[in-house]
Structures are given as structure tokens and as C-alpha cells.
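To start, the structure under review is shown below, and the notes come after it.
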């Protein structure tokens, strides 16, 4: 089966496992001490605007239009291949498009290039095309319609991502091109209906992939706009990232899902779960996903509850304050867990472009190609994974420290930093353990 995330070399780390775990703890502790000594006042909010380099509106528009055309073509190709092509995950492009391009690729692109995913998102492109047509016929613009009620917050995104995790990790036919073709079509129709009712902003703030990508984009060192390209300090955008009801829940759903995916591929996970199949196995796997989400949520809730009690701040306010600290952790986990999958299946994607429906075509002359599983060495992959985990948690500590010195003073600032350090160390230890035991 294609979807065996993190396949390859996670167990082939170039140093003993205990050395990585202790090294991670020491790195995080040193970061904590260094930040405490050198970072006495909040800095990230001031760095968030960055510096914009005007590269010319015609160039940015050309790049945006090109990206939209490519992604829209890929989306339509995947839907048609899923609905009418071979229902065989070993030849169809649909599983790769859905799980690698739309899921892993969107997160990677957002973490590096900022809001680019929103610019090229094919569903957004269709919505903007519909808006243009409405304008041509003198109808009311989508932008002039009511906005979604504030009480919804990010709960639609959190719910949608939970459905995605069930599909990815627990559904008995999760790699079936036919099923995924219907999922892509249904998702697009529902998203466009919501955009028609609440405006295109729905696709950024509430649509699952768009909302997650938008949050990850806040930590990126690059942001693209009509005025040019903005360069800023990494993590700086998290200081001004909007936090609403459900923001932390959305991030914790993704973090818990990725954690369970890693656990299921570990030696302990295989011994506990076995190889569940059918709908009975689906219930077991979904239960595991929910337990994993509950565990990472309890850890975050316990840390923020302790801070709230010590600082005499409402717990919900504290949880909202520290929700952005989860963004770099989610991104680091994604890179670490899906690194090998991304390397291998990007090659598969290029090969299957020549025959997207698995019907014997050879559109670009690449249908006979093969995936080179040795393209990147096990040692390099292992280092990418470990560095991603550590960088994500150092980023989380940095954001937590900046938020602490912004919100609190004196002993309260130290308490909040120390508590979040413990949370980050536990998350990083868990992430490294999963890498070492896969």
C-alpha cells in the first residue's frame, strides 16, 4: 500500500537513540537559558512586518496565475482520474496527489513560503473564478455577502481535519483512488457552497487545509503579496497570528494525528495494534487516533492550566495566548514524520503524471520510470527528521518565551517559560522516541 507514512530509515539513526534524546533535552534547556538571559522584552511583534522587496506586480501576478493553473489542472486531473480511472492505488496519481501534494506539500510550502498555498489553492481559484463570472453578469459579489458567525471559530477546520485523519489513518479503503476521487469532489462542492454563503474568507479561516496552511504560514520567513515579497524573522508572524475559538484544538488534532501515525509504525505500536483490517480494525485505529489527540491535548491543557493558576489568569485566555507555540511543533512533526514519504512519493508523482488514471497512457514519456528509494541516504533522512523535531520545539520555546515576557513580568514570566519548557521537552522526547522505534 502506498500510504505507509515515514517508510524507510527512521530506525537507522547515525547515533545511539539515548544520545539524541538527551541531546534534545539539553538543546531545549540551553535555548531556555539563553532566551532568559538575552531576550528580556518581546521582540517578535516588532519583527512581524519584515521588509518588503517590490519585485513588480506583473511578475507576482504572472507567478500567481501560473501556480493557480498548475494546481487547478492537477486537481481536475485527480478528480477525473479518481472517478473514471483505474481503482488501483499502485498506478493511479490520486493517492499521491491527495496525501503527498495536498497534505504534506501544502504544509511544507506554507512553512517556507508563507501564504503561497492560499494563492494557488485550486478551490480558492474556482471560487474566485465564480466571483468573476458573477461580476460579469451583474450579480452580487461573494465578498459582499455575510461573513461566518464568530462563534464558529476554527471548529469547522478542526472537525474537517479529524475527518481527514480518519480517512488517512483508519478507513479500510484509505488509498482507493475511487474513494479519494469522490472525497475530493465532495470537499470542493461543500467548500464552494460555504464560500458562496460566507465569502472566500471561509476558505482561509475555516476550510481544513486552508486554515492549517494559513497558521503554518504565520511562522514562515517569507510572505507574498501584490506589493512584492516580504522577508521577516522566522516565527515572527506568530506574535500577531489571530487566535479564535478552536485554534488550539485544530493544531492539537493535527499533532495528535501525526503522533498516532508515528506510534502505529513503531515496534510498540505494531505489537499493541497488530495489523487491524476491515471496519473492525478501522474502529480500533480511530480509537487510537482519538486517544493520541486526547493525550497531546491533556499535556497542553495541563501546562496552560498551571500557568493560569499561578498567574491568576482565566485558563481559556492562557490557552489562547500559547496556542501559537504549537505551530512550529506541528510543522516540525510533519517534516520529521513525512520526510521519507515526501522524498519517495514526489518521484512517484512525477512518474504517474504521464498516466494519471492508470490506463496505460504515456503523456510525457515518464510512465516507465521507477522510484529510487536510495535517492537520499538513510543517514541524511535521519538527520532531517531529528533536526526538524528539534527546530520545531526550539521555535515553540522561542514563541512561548516571547509571549511570556509580553504578557507577564518577574516571577510569573519565569513560571510560564519553565512550564512551557517542560511541555516542549515532553513533546520532543515523544517525537524522537517515535523516530527511534519506527
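The values are calculated or read from the model by the stated rules, or taken from the named source; none is laboratory data. Quick caveat, the model's predicted, so the values are computed rather than measured. Please note: Cβ atoms are built from the backbone with ideal geometry, for glycine as well, and neighbour counts cover all protein chains shown.
The table that follows gives values for the structure above.
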{"read-out": "Residue within the stretch 250-273 that is in a helix (DSSP H, G or I), buried (at least 24 other Cβ atoms within 10 Å of the Cβ) and out of contact with any helix residue (DSSP H, G or I) (no Cβ under 7 Å at 6 or more places or on another chain) present", "value": "no"}
{"read-out": "Residue within the stretch 312-328 that is in contact with a helix residue (DSSP H, G or I) (Cβ under 8 Å, 6 or more places away or on another chain) and part of a loop (DSSP other than H, G, I, E, B) present", "value": "yes"}
{"read-out": "Looking only at the stretch 185-198, and only at residues there that are touching a residue at least 12 places away in the same chain (Cβ under 8 Å) and more than 23 Å from residue 217 (Cα to Cα), the one that is surrounded by the fewest Cβ atoms within 10 Å (Cβ to Cβ)", "value": "197"}
{"read-out": "Inter-residue pairs, beta-carbon under 9 Å, first closer than 24 Å to residue 426 by Cα and in the stretch 329-346, second at pLDDT 85 or above and outside any helix (DSSP H, G or I), 6+ apart", "value": "331/219"}
{"read-out": "Residue tally, condition surrounded by fewer than 23 Cβ atoms within 10 Å (Cβ to Cβ) and closer than 18 Å to residue 320 by Cα, over the stretch 407-416", "value": "5"}
{"read-out": "Condition check for residue 74: modelled with pLDDT of 85 or more and within 22 Å of the chain's Cα centre (by Cα)", "value": "yes"}
{"read-out": "The stretch 349-406: number of residues that are without any contact (Cβ under 8 Å) to a residue 60 or more places away in the chain and buried (at least 21 other Cβ atoms within 10 Å of the Cβ)", "value": "2"}
{"read-out": "Complete set of residues in the stretch 201-211 that are crowded, with 22+ Cβ neighbours inside 10 Å and assigned to a loop (DSSP other than H, G, I, E, B)", "value": "206, 207"}
{"read-out": "Meets criteria (in a helix (DSSP H, G or I) and modelled with pLDDT of 90 or more) for residue 159", "value": "yes"}
{"read-out": "Inter-residue pairs, beta-carbon under 9 Å, first modelled with pLDDT of 90 or more and in the stretch 288-306, second surrounded by 17 or more Cβ atoms within 10 Å (Cβ to Cβ) and not in a helix (DSSP H, G or I), 6+ apart", "value": "288/170; 289/170"}
{"read-out": "Output for the stretch 407-421, where each listed residue is closer than 17 Å to residue 314 by Cβ, part of a helix (DSSP H, G or I) and over 27 Å from the mean Cα position of the chain (by Cα)", "value": "407, 412, 415"}
{"read-out": "Criterion (more than 29 Å from residue 278 (Cα to Cα), touching a helix residue (DSSP H, G or I) at 6+ places or on another chain (Cβ under 9 Å) and without any contact (Cβ under 8 Å) to a residue 60 or more places away in the chain) met by exactly one of 220, 201", "value": "201"}
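For (1) surrounded by fewer than 22 Cβ atoms within 10 Å (Cβ to Cβ); (2) touching a strand residue (DSSP E or B) at 6+ places or on another chain (Cβ under 7 Å); (3) modelled with pLDDT of 90 or more; (4) farther than 26 Å from residue 341 by Cα, each residue gets a yes or a no:
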{"site": "78", "(1), (2), (3), (4)": "no, no, yes, no"}
{"site": "83", "(1), (2), (3), (4)": "yes, no, yes, no"}
{"site": "90", "(1), (2), (3), (4)": "yes, no, no, no"}
{"site": "97", "(1), (2), (3), (4)": "no, no, yes, no"}
{"site": "102", "(1), (2), (3), (4)": "no, no, no, no"}
{"site": "129", "(1), (2), (3), (4)": "yes, no, no, yes"}
{"site": "135", "(1), (2), (3), (4)": "yes, no, no, yes"}
{"site": "141", "(1), (2), (3), (4)": "yes, no, no, yes"}
{"site": "148", "(1), (2), (3), (4)": "yes, no, no, yes"}
